[in-house]
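What follows is a single structure, written as structure tokens, with notes after it.
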Amino acid sequence: MVRILCVALIACAVALAAYAVITLYDETLQVGRIWETPAVKPHEQPIPVMANMSVPFTGGELLYRTADPDALQPGFSLTAPKAIAQGRQGYQYYCAQCHGQQFDGYGTVGQSFAPKPEDLRSARVQNLPVGRLFHEISYGIPNGRQPALATTIAVDERWQIVAFVKSLGVRE
């Protein structure tokens with residue numbers, strides 16, 4: 001019985017010593033244990049502190065959302081070849097799945113919709129003011145299938161897509 005008690009006391013002493021060493025390791029050394037790791041790792045740059053009053057309350061997306069859609073204008077020429085080429089890339093990435101390669105609403109996804117997406121070369125779309133077209137791409141069409149893409153596509157990319165769509169002309 002004494003032998004079992006001695007073994008138990010030695011085991012407890014070893015366990016307490018191990019716990020003391022681990023605690024000393026955690027509290028003394030800089031590396032710490034996994035549950036105490038900092039949010040910014042040593043190899044990362046710390047997140048910069050945002051200056052006071054740096055969150056905008058005007059302009060930006062709010063300006064486009066609240067402005068008269070028919071009066072919106074881009075900050076560059078919509079007829080510039082570079083804008084149209086970049087708009088074509090944006091169209092292929094964001095729009096072709098629904099509007100299709102022929103811009104008629106028979107894309108891979110769009111052909112399953114009822115009603116199908118609008119023909120981008122229709123007279124209605126081509127006669128829209130550029131600001132209205134930008135607004136519909138950005139914030140969707142009420143009671144329509146066009147999703148709001150303002151949170152997905154940057155402002156300049158949306159204007160470039162408008163430039164591309166306007167460059168298509170009316171389908172004959």
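The values are calculated or read from the model by the stated rules, or taken from the named source; none is laboratory data. Bear in mind the structure is a predicted one, so any value in this text is a computation, not a measurement. Positions of Cβ are generated from backbone atoms using ideal geometry, with glycine treated the same way; all protein chains shown enter the neighbour counts.
Here residue 76 does not fit the description of being surrounded by 12 or more Cβ atoms within 10 Å (Cβ to Cβ), in the same structural domain as residue 128 (by TED's automatic domain parsing), outside any helix (DSSP H, G or I) and at pLDDT 90 or above.
Conditions tested, residue by residue: (1) closer than 19 Å to residue 80 by Cα; (2) modelled with pLDDT of 90 or more; (3) under 26 Å from the mean Cα position of the chain (by Cα); (4) surrounded by 13 or more Cβ atoms within 10 Å (Cβ to Cβ).
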position	(1), (2), (3), (4)
121	no, yes, no, yes
132	no, yes, yes, yes
157	yes, yes, yes, yes
166	yes, yes, yes, yes
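Taking region 102-127 as the range and being within 12 Å of residue 168 (Cβ to Cβ) and in a loop (DSSP other than H, G, I, E, B) as the test, the residues that pass are 102, 103, 104, 119, 120, 121, 122.
Residue-by-condition table, conditions (1) surrounded by 14 or more Cβ atoms within 10 Å (Cβ to Cβ); (2) within 17 Å of residue 134 (Cα to Cα); (3) modelled with pLDDT under 90; (4) hydrophobic (A, V, I, L, M, F, W, C):
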position: 57; (1), (2), (3), (4): no, no, yes, yes
position: 60; (1), (2), (3), (4): no, yes, yes, no
position: 65; (1), (2), (3), (4): no, yes, yes, no
position: 86; (1), (2), (3), (4): yes, yes, no, no
position: 101; (1), (2), (3), (4): no, no, no, no
position: 108; (1), (2), (3), (4): no, no, yes, no
position: 112; (1), (2), (3), (4): no, no, yes, no
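Restricting attention to region 63-73, the residues that are part of a helix (DSSP H, G or I), over 19 Å from the mean Cα position of the chain (by Cα) and of a type outside the set (A, V, I, L, M) total 3. Among the numbered conditions (1) loosely packed, with under 10 Cβ neighbours inside 10 Å; (2) at pLDDT 75 or above, the only one that residue 22 does not meet is (1).
Among the residues that make up region 111-130, is at least one of them hydroxyl-bearing (Ser, Thr, Tyr) and in contact (Cβ under 8 Å) with a residue 40 or more places away in the chain? Yes, the conditions are met somewhere in region 111-130. Checking each residue in region 74-91 for being more than 24 Å from the chain's Cα centre (by Cα) and of a type in the set (S, T, N, Q) picks out 77, 79. Close Cβ contacts (under 9 Å, 6 or more residues apart or on different chains) running from residues in region 147-172 that are touching a residue at least 12 places away in the same chain (Cβ under 8 Å) to residues that are of a type in the set (Ser, Thr, Tyr) and part of a loop (DSSP other than H, G, I, E, B) comprise 163/77; 163/79; 166/79; 167/79; 170/122; 171/122.
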